[in-house]
1. Between region 49-98 and region 545-573, what's the alpha-carbon centroid distance in Å?
2. What's the ranking of 259-272, 200-213 by average number of surrounding C-beta atoms within 10 Å, highest first?
3. Please tell me which of these pairs span more than 30 angstrom C-alpha to C-alpha: 61/544; 5/437; 59/433; 102/544; 173/291; 160/532?
4. Between residue 219 and residue 332, what is the FRET efficiency for a Förster distance of 41 Å, r being their Cβ-Cβ separation, to the nearest 0.05?
5. Given a Förster distance of 25 Å, report the FRET efficiency between residue 150 and residue 425 from their Cβ-Cβ distance, rounded to the nearest 0.05.
6. Take residue 83 and residue 556, extend 7 Å from each Cα along the Cα→Cβ direction, and tell me the distance between the two endpoints in nm.
7. Whenever you get a sec, line up 160, 516 from highest to lowest accessible area (probe 1.4 Å, protein heavy atoms).
8. Tell me, what % of the accessible area of region 182-250 is carbon and sulfur with a 1.4 angstrom probe?
Amino acid sequence: MFIKKLIIEKPTEIIREIDFCSGLNLIIDDTPFENTKSTGNNVGKTTVLKLIDFCLGAKGKIIYTDTENKNEEYDIVKNFLVDEEIEVKLILTENLNDPNAKILKIQRNFLQGKKAIRKINGNSILEKDFEKELEKKIMPNKEVEKPTFRQIISHNIRYKDDSINNTLKTLDKFTTDIEYETLYLYLLGCSFDEGAKKQALISKINQEIIFKERLEKKQTKTTYEIALDMVNDEINLLNERKISFNLNETLEEDLEQLNIVRYNINKTSSLISKLEIRKGLIEDSKRSLEKSISQIDMEQLKMLYKEVSDRINGIQKTFEDLVEYHNNMIVEKAKYIAKDLPGLLAKLAILQNELTVLLKQEKELTERIAKGDSFEELEKVIFELNEKYRIKGEYESVISQLEEVEGNISILNEQIESIDSYLFSGDFEALLKEQLKKFNKIFSAISQELYGEAYGLTYQQIINKKGQQYYKFNAFNANMSSGKKQGEILCFDLAYLLFSDEEQLPCLRFLLNDKKELMHDNQLIKMAEFVKDKNIQLIISILKDKLPEKVLNKAHIAVELSQNSKLFKIEQS
C-alpha cells in the first residue's frame, strides 16, 4: 500500500494536511539560502516520518522523546499533543492513481484510557490488538506468526540511527540473530512454519542456561562432584570415630537416625528452593505469553469481515479462523513452556509433605537424645557429622538440579536439531540460493545504475558459542564511505520493493528515509530519476540547502517547514 495522506488535527481544526504521490516525495525546510541566522533544523521534518510510524504501531513517545537520549522528553510538544487532543490520521491506498482504489484509514491520538483514539477504518481497536489488526489489513495472507508485522516493515521506515546506518540490522539492539534469520528468510520468500517454534525453543534453552549459570555461580558441576566425594570420605571417618564410643544401643540408633533425618531435611529444603525458582521462571514466561492472546469482540467485527469478504474474491479464511489460529499458536506455546509446571507443582507438594514429616521426626529424636547422657567428645563428632550431612545434602541437590537442567537442554537441542534438519537441508538451501540470486540481480542492477558499483546480499551458516545454528545475512561491497553506506541502504530497500513485486510478496510500497544529506548530489539526482517511473513511493526528509535544483524539480514537495511555521504550529498557538 502507498501513503495517500497524513492529517494532523485538533478537534476544531486541521493543523496540517500533507498529500503524497508516487515517486520521490520531499519533506524539506523553506529556509532562504541567503538567511545565515535561521536553519532548517528542528522544524519537524523527521517528526512527519515518526507520525507515520506512530500510525503503523509505534509508541506515541517517539514523537516527543529525543531520538539520541531516550530519557529526555520535549514537554512543550508532549503537553501540546495531550492538552490539544491532537489526532493523527494516516490514509493508505492500494493505487495512488485510482481514486476508487481500496484505502486504509488509521487514526490515533496521544491520550490514555477511554479518551484514547485507536481506529482502523473507523473501528476502535484495543492497544494489544492494534499491530495484529494492521497486519491483517495490510498483509491478509500472512500465516506465520514470526516475523511480526513491525519487524517486516522495519526496513521501510528509517529515521532511527540504527536503521539509518545499518542496511540489515533495522530492529532494536536486543534483537537476536535467530530473529533476524526468521525475518530475512521471510523477506526472501523462504519462510518456514516453525520459525516461531524455533525462537520459543531458543528462548527456553536460554532460560535453562541462565538457571544453570545461577546454580554454578560458585562452582562448576565437576567441582561439586569432587567436593561431594571428599565430604563422603569425611563422613565415613567421623562415623568410625562415633562408633568407637561406648554407648548404649538405643542412643546409637537414635543418633544415626537423627543424622539421616537432618541430612534429608537439608536435601529436601534445598531441592524445594531450587524447584521454586524453576516454577517462578516458567510462570513468568507463561504469563507473558498469555498476555498476547487476542480478545477480539467477534460479533462486532464479524459483520465488517463479511462485508470485506463479499467485496474481495479469494478470501478463504474466516476472521474467526485467523483469530483462532493466532490464539491457538499462543496457547500451544504457553502449554509447551508450561508443560513441566504440573509435574513441578506435584513434586513440590510431595517434597513439602516429606519436609513436614522429617521436621517432626527431628523434633522427636532430638528430645529423645537430650534425655540421655552423652560425652563432650561425642557431641563434637555429632556436630561435625550434622554439618557434613548438611553440606552433602546441598551438594547433592545442586548436582541433581544441574543434571536435570542439562537433560532439559539436551531435549530442547534435539527439537531444534529436528527443525534445523529441514532449515539447513540441501533443498532449503537451494531455495535460499535461488531467491538470493533473484534478489541480487535486482540489487546489483540498481546499485550499478545509481553508483556504478554492484552491491549484493549474501549469507553464512553460523554456529554460536551456545551451539545454535542460524543463517546470518550480510550486504557486501568493499571500502564504502559513509555516503555510499547511505546509498547501499537505499539500493537495498528499493531492490526489495521490486523483488517483492516479482515474487508477489506482501509489503508496503513506500520507503521513509531521514538524514540523506551524506548522499552525493549525483546520487540524489539519479535516485529521483530512478523512482520516477517505478511503482515506488520514496519519502525523504532532508535539508533544502543540501538538495540540487534538479532533484527539487523532479520531486513532489509534500511539505515545507520553517522556524516560523513548524510542523505542529505550536509557535502560532
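The values are calculated or read from the model by the stated rules, or taken from the named source; none is laboratory data. All figures in this text were calculated on a predicted structure; none of them were measured in a lab. With ideal geometry, Cβ positions are generated from the backbone for all residues, glycine too; neighbour counts draw on all protein chains shown. Heavy atoms of the whole protein, side chains included, go into the accessibility calculation; ligands, DNA and RNA do not. Shrake-Rupley method; radii C 1.70, N 1.55, O 1.52, S 1.80 Å.
1. Each part's Cα centre sits 18 Å from the other's.
2. Values: 259-272: 19.6, 200-213: 17.8.
Top of the packing list down: 259-272, 200-213.
3. Working: 61/544 27 Å; 5/437 36 Å; 59/433 37 Å; 102/544 34 Å; 173/291 23 Å; 160/532 26 Å.
Violating the 30 Å limit, Cα to Cα: 5/437; 59/433; 102/544.
4. 0.60
5. Step by step, r from the Cβ atoms, then E = 0.25.
6. For the pair residue 83/residue 556, the computed spacing is 3.6 nm.
7. 160, 516
8. On the way: 1830 of 3700 Å².
Within region 182-250, the accessible surface is 49 percent carbon and sulfur.
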